[in-house]
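J.: Next up is a structure, given as C-alpha cells.
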C-alpha cells in the first residue's frame, strides 16, 4: 500500500522537522490539503506554504484542492511543486476541461468524490485521470471517524476502472488507521492518506511502515 501522510496533521511549529520525518519514511507521497472556507468549512494551506514544503520535501506533492473554482489555480499548484493535482467532482462544472488544464500544466490529474457522491458519475472521466480520491470522511477537518460505506465504493470503483481500462489509482482520505487500512487494502485501494494516525503516533515512521506493509 502506498502511503501519503497528510501534512494538515503535522506540528506547524516544527513543520521542517515533520517533513524531514516523512522524507526518511516509507511514504510514497506527501499529501497537501488546500481548503478555502467555502467549499469546506475550514481554511488551511496557501501557496506560500506549499512552496516552502516543496523546498524541504523529497516526496512528490499530492495536492488535494478542497476549494471552489480550482481551475483558476492550476498554474499556481504547478509552480509550487505539485506533481499530482486533485480537484473535487462537486466543485467542477466542466471537469473534463479542468483535467485537460492539469495535464497541460505537466501534472497528473486526480478527481475526488465526497462521501455522498456515487462512483458511477466518474464513468466518462475515469479513463482520463491518474488518480481517484474517495473521501472516507466529510472533508474539512481531520480526526473524523471512517465512513464504512467507503469500502463498498472502493470495490465499485475498482470494477469501473477495470471495465473502462483506466490506469487510475484509488486513494482514500479520512479515518485511516491499521484496521481501516487493512480493510481498504483488501477492497482494492492503492493509496491511503493518513493524518492523525501518523503524526500523533509515538513513532510516526513506524505508523507509516505499518500502513505501507498492508
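J.: If contacts are Cα pairs under 8 angstrom and at least 6 residues apart, what is the relative contact order of the chain in percent?
T.: Working: 445 pairs, mean separation 48.4, N = 214.
Taking the mean separation of contacting Cα pairs over the length of the chain, I get 23 percent.
J.: Cut-off 10 angstrom, C-alpha nodes, Gaussian network model of the chain. Which of 170, 67, 43 fluctuates the most?
T.: Among 170, 67, 43, the largest mean-square fluctuation in the Gaussian network model of the chain belongs to 43.
J.: Let me ask another. Of all alpha-carbon pairs in the stretch 1-72, indicate the percentage at a distance above 18 angstrom. The partial results should precede the final answer.
T.: Values: 928 of 2556 pairs.
The share of Cα pairs beyond 18 Å in the stretch 1-72 comes to 36 percent.
J.: Just to confirm my numbers, what's the Cα centroid distance between the stretch 136-214 and the stretch 9-36 in Å?
T.: 17
J.: Using a Gaussian network for the chain with springs between C-alpha atoms less than 10 Å apart, which of these wobbles most: 181, 165, 82?
T.: Judging by the Gaussian network model, the answer is 165.
J.: At 7 Å along the Cα-to-beta-carbon direction for both residue 94 and residue 145, put a label point, then send me their distance in nm to one decimal.
T.: 4.2
J.: Looking at the chain as a GNM with Cα springs under 10 Å, which of 133, 157, 121 has the largest mean-square fluctuation?
T.: Residue with maximal mean-square fluctuation among 133, 157, 121: 121.
J.: Moving on to the next point. Decide, for the chain, between rounded, prolate and oblate: order the square roots of the alpha carbon gyration tensor eigenvalues as a ≥ b ≥ c, take rounded if a/c falls under 1.5, and otherwise choose prolate if a/b is larger than b/c, else oblate. Spell out each step's value before the answer.
T.: Working: a/c = 1.55, a/b = 1.12, b/c = 1.39.
Oblate.
We did not get these values from a lab; they are worked out from the coordinates using the rules stated. All of these numbers come straight from a predicted model, not from anything done at the bench. Here Cβ is always computed from backbone atoms with ideal geometry, including for glycine, and neighbour counts include all displayed protein chains.
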